[in-house]
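Written out below as structure tokens is the structure these notes cover.
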Amino acid sequence: MDGFGSDFSLGAGSGKMDTGTIMEQVKVQIAVANAQELLQRMTDKCFKKCIGKPGGTLDNSEQKCIFMFMDRYMDAWNTVSRAYNSRLQRERARI
Amino acid sequence: MAFDLSSASASGNAETSELQRMIAVEQQKAQFEAQVHTFTDVCWDKCMDKPSSKLDSRTATCLASCVERFIDTTLTITNRFTHMAQKGGMH
């Protein structure tokens, strides 16, 4: 995730931003970057798998493929997330 | 990902360091997710044959194993590389 430098001008002079507001902004920025990363990778893979010789439009079967692909990719993402989390827990338990 | 707090109005160091701590927590979560993106990308290629109407258990197992083996590989390489660097030095 690059291009993620954030400069929070915390209202110097016009009153300060409270911690809650700042944290909200931080979380939103992170969530947006995360979504962008997900979509970019998913689109990449999906295009390679679902679109053969590019035609004039996306035909019906290509659209169905895209929908199904997205679902499977999210399933995979969740599976991977759980597996990674498990591994981290296990490693922490060893220390 | 960097968050610049240098313009934080001086309402006390305690508040700023609490904020930095909270941001560090979020950054750690973000790093976790960035890793999941990488693993999913790599393991998808290894484990998915034809996308179907659901993720079957064989594929799910493959994905989980893939994550584990990828981490093992990373650790193996890191450890051996460290050993090599210590032993022979880099030429």
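What does the average come to when, for each residue of peptide B:53-59, you count the partner chain Cβ atoms lying within 10 Å of its Cβ?
Details: counts 3, 4, 8, 0, 0, 0, 4.
Mean shielding count: 3.
Taking every residue in B:43-49, how many Cβ atoms of other protein chains lie within 10 Å of its Cβ, on average? Intermediate values should be presented prior to the final figure.
Working: counts 4, 9, 1, 0, 3, 6, 0.
For peptide B:43-49, the averaged partner shielding equals 3.
Can you compute 3J(HN,Hα) from phi for each residue in the stretch B:39-51, using the Karplus curve 6.51 cos²θ - 1.76 cosθ + 1.60 with θ = phi - 60°, rounded to whole Hz and x for Gly and Pro?
Taking θ as phi minus 60°, the curve returns 4, 4, 4, 5, 6, 4, 4, 6, 10, 8, 8, 9, x Hz for the stretch B:39-51.
Report the label-to-label distance for residue B:83 and residue B:56 in nanometres (one decimal), using points 7 Å from each Cα along the Cα→Cβ vector.
Each label point is offset 7 Å from its Cα along the Cβ direction, giving 3.9 nm.
Ignoring ligands, DNA and RNA, how much accessible area is buried between chains B and A, both sides summed, with a 1.4 Å probe, to the nearest 100 Å²? Could the numbers behind the result be given before it?
On the way: alone 7950 and 8250 Å², together 12260 Å².
Using a 1.4 Å probe, the pair buries roughly 3900 Å².
Could you check the simple spin-label distance between residue A:17 and residue A:85, using points 7 Å along Cα→Cβ, in nm with one decimal?
2.9
PRE reach from residue B:65 (point 7 Å along Cα→Cβ): which of the stretch A:58-77 fall under 19 Å by backbone N?
The answer is A:76-77.
Using a 1.4 Å probe over the heavy atoms of the protein chains, calculate the carbon and sulfur portion of the accessible area of the stretch B:10-89 as a whole percent. Let's see the in-between values first.
Numbers: 2890 of 5180 Å².
The nonpolar share, carbon plus sulfur, comes to 56 percent.
How would A:77, B:44 line up by accessible area, probe 1.4 Å, largest first? Mind dumping the intermediate values first?
Numbers: A:77 35, B:44 10 Å².
Sorted by accessible area, descending: A:77, B:44.
Let me know the mean shielding of A:70-76 by other chains, meaning the per-residue number of their Cβ atoms within 10 Å of its Cβ. Could the numbers behind the result be given before it?
Details: counts 1, 5, 9, 6, 2, 6, 14.
Per-residue shielding by partner chains comes out at 6.
The values are calculated or read from the model by the stated rules, or taken from the named source; none is laboratory data. Just so it is clear, the model here is predicted, and its values are computed rather than measured. Neighbour counts are summed over all protein chains in view; Cβ atoms, including those assigned to glycine, are modelled from backbone coordinates with ideal geometry. Only protein heavy atoms, including side chains, enter the accessible area calculation; ligands, DNA and RNA are left aside. Shrake-Rupley method; radii C 1.70, N 1.55, O 1.52, S 1.80 Å.
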